[in-house]
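One structure is given below, encoded as structure tokens.
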Amino acid sequence: MAKIVQEIEMGDYTISLKDHGDGKYEARLSSGRYGGLLEIEKSDYGLRIRQIDIGSADVSLEHLALMTILVGADQELISEINRINKARNQSWK
């Protein structure tokens, strides 16, 4: 059973960090207005992302970035963004 180890409140939104006990963390974004919105966790292949409760909602880049940091995937994501930008810049020359 996952245990909530941290909750971060940001206005109407809350990010809850759950520890699954095996070194894997899951971050859940919820809203007082919309309920549960999004869950992410790091997997062997990247990020596992689950949309929950509603069809669609706006998720700020700040919330997404914080969730990525909390599950420990931020450096890998930054590396991929840099790799893609480098390839894109080289192909435009």
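Derivation of every value follows stated rules applied to the coordinates shown; laboratory data play no part. These numbers come from a predicted model, not from an experiment. Cβ atoms come from the backbone with ideal geometry, glycine included; neighbour counts cover every protein chain shown.
Of the chymotrypsin sites (Phe, Trp or Tyr not before Pro) found in the range 1-81, those in coil by DSSP whose Cβ has at most 11 other Cβ atoms within 10 Å are Y45. Lysine pair count for the chain with Cα-Cα distance under 26 Å and sequence separation of 8 or more or different chains is 6.
The C-alpha atoms of the chain define a longest principal axis, and helix 74-91 lies at about 30 degrees to it. Every Cα-Cα pair in the chain was counted, and those over 19 Å apart are 46% of them. Rounded to the nearest 500, the helix-only mean residue ellipticity at 222 nm of the chain stands at -9500 deg cm²/dmol, with each DSSP H run of n ≥ 4 adding -39,500 (n - 2.57).
If R0 is 22 Å, the Cβ-Cβ spacing of V59 and I4 corresponds to a FRET efficiency of close to 0.65. Residues V5, V59, V71, arranged from fewest to most other Cβ atoms within 10 angstrom of their Cβ, appear as V5, V59, V71.
At full extension, Q90 and D22 could sit 20.4 nm farther apart than now, given 0.36 nm per residue minus the alpha carbon distance. I'd like the orientation of helix 61-70 relative to the chain: the angle between its Cα long axis and the longest Cα principal axis, in ° from 0 to 90, rounded to 10. Helix 61-70 sits at roughly 80 degrees to that axis.
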